[in-house]
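Below is one structure; the comments refer to it alone.
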Amino acid sequence: MSLSISFLNSSLSLSLSPPHALSPPPPSSMSLIRRLTPGHLRFNLRHHAGRFATAAAAAVRQDTAAWTQAPLAEVEPAAESLFHVSIDVSDAPDLAASHTRAGQYLQLRVPDVEKPTFLAIASPPLLASAEGVFQFLVKSVEGSIAELLCGLKKGDVVQLSQVMGKGFDVDQIAPPQDFPSVFIFATGSGISPIRSLIESGFGASKRTDVRLYYGARNLKRMAYQDRFDEWESSGVKVVPVLSQPESDWTGDSGYVQAAFSNAKKAFDPLSTGAVICGQKPMTEEVTSILVADGVSSEKILKNF
């Protein structure tokens, strides 16, 4: 008797052929088959089928990812090492409509490069449906795909994946009257999805204490300064924090978590929310500070 196991489209097939009258299997094979009881077979088939099904599903997702070609509408400096990048998605209404929440992101491919890069969408969701455009704040890092993107020109065509991620679940800090205090923390290009959040609206004007601690090395590296007045008028107090400021800087210096701790006013942790986006050490430290103060981790929103 012989045992045959094969994988067909990530499923398993098992066949047992009858023993040949003149050529019985060697004892070692018979011993193996005797050891493979029905229980062993069921366990091993389930185990390997699960592993292969998972691998196959991942491969299918990779192979069938929907890529949409779209032209660049703008590539302009936003700050030192940062660029405004706008992409025209007016010919892809389904893609534009898939941006439903601030904090979501997508993958982007530049010409002649197979590997994509991940970018958080900086524009509010309504901008895509109203004007057919996605906007990004991209940090140009030497040798990266982002650097190649920032070197492209208006009209150059890139490829976009579907919009991904859960974004910032602002329902966790709603309604505004129940969460009057919201503290927002962003560093560097992490301000990108925060811009989307502020300009999408999350009831800031209906809250009593909404602060944005925005960290950068210096003012030359701080994007969106031209939007600060608009954000303030919507109910968000902007607190720029510079880690290496010029000598004439009179605002907060150091890191956003220290600026928050130094200026911290009394607040009720049970009615407080937070939004964080930026470098991992900052994210972890701010989270620890807030949790230690009694803020629920469920009320600390992140987009990844």
Would you kindly work out the equivalent ellipsoid of the stretch 64-164 from its C-alpha gyration tensor and give its semi-axes, the square roots of five times the eigenvalues, largest first in whole Å? 20, 15, 12
Hey, if you put +1 on the Cβ of every Lys and Arg and -1 on every Asp and Glu Cβ in the stretch 170-301, which of 222, 297, 275 ends up farthest toward the positive end of that dipole? 222
In Å, what Kirkwood hydrodynamic radius results for the stretch 170-301 from the alpha-carbon pair distances? 14.8 Å
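May I ask you to derive the FRET efficiency for residue 69 and residue 265 from their Cβ-Cβ distance with R0 = 41 Å, giving the value to the nearest 0.05?
Details: r = 50 Å, r/R0 = 1.22.
Calculated transfer efficiency: 0.25.
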How large is the accessible surface per residue of the stretch 170-301, computed with a 1.4 Å probe and reported in Å² as a whole number? 47 Å²
Whole-Hz Karplus ³J(HN,Hα) for the stretch 99-110, in order, using 6.51 cos²θ - 1.76 cosθ + 1.60 and θ = phi - 60°, x for Gly and Pro? 7, 10, 8, 4, x, 6, 9, 8, 9, 9, 10, 8
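When the accessible area of the stretch 83-186 is split by element with a 1.4 Å probe, what percent falls to carbon and sulfur? Before the final figure, lay out each step's value.
Details: 2370 of 4720 Å².
That fraction is 50 percent.
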Tell me which residues come under 5 Å, amide H to amide H, from residue 182 once H is placed; ignore anything under 5 positions away on its chain. 209, 210, 211, 273
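So how do 76-84, 196-204 stack up, highest first, on mean other-Cβ count within 10 Å?
Numbers: 76-84: 18.3, 196-204: 21.1.
Top of the packing list down: 196-204, 76-84.
The values are calculated or read from the model by the stated rules, or taken from the named source; none is laboratory data. All values derive from a computational prediction rather than experimental measurement. Backbone-built Cβ (ideal geometry, glycine too); neighbour counts: all protein chains shown. Please note that ligands, DNA and RNA were not included when accessible areas were found on the heavy atoms of the full protein model with its side chains. Shrake-Rupley method; radii C 1.70, N 1.55, O 1.52, S 1.80 Å.
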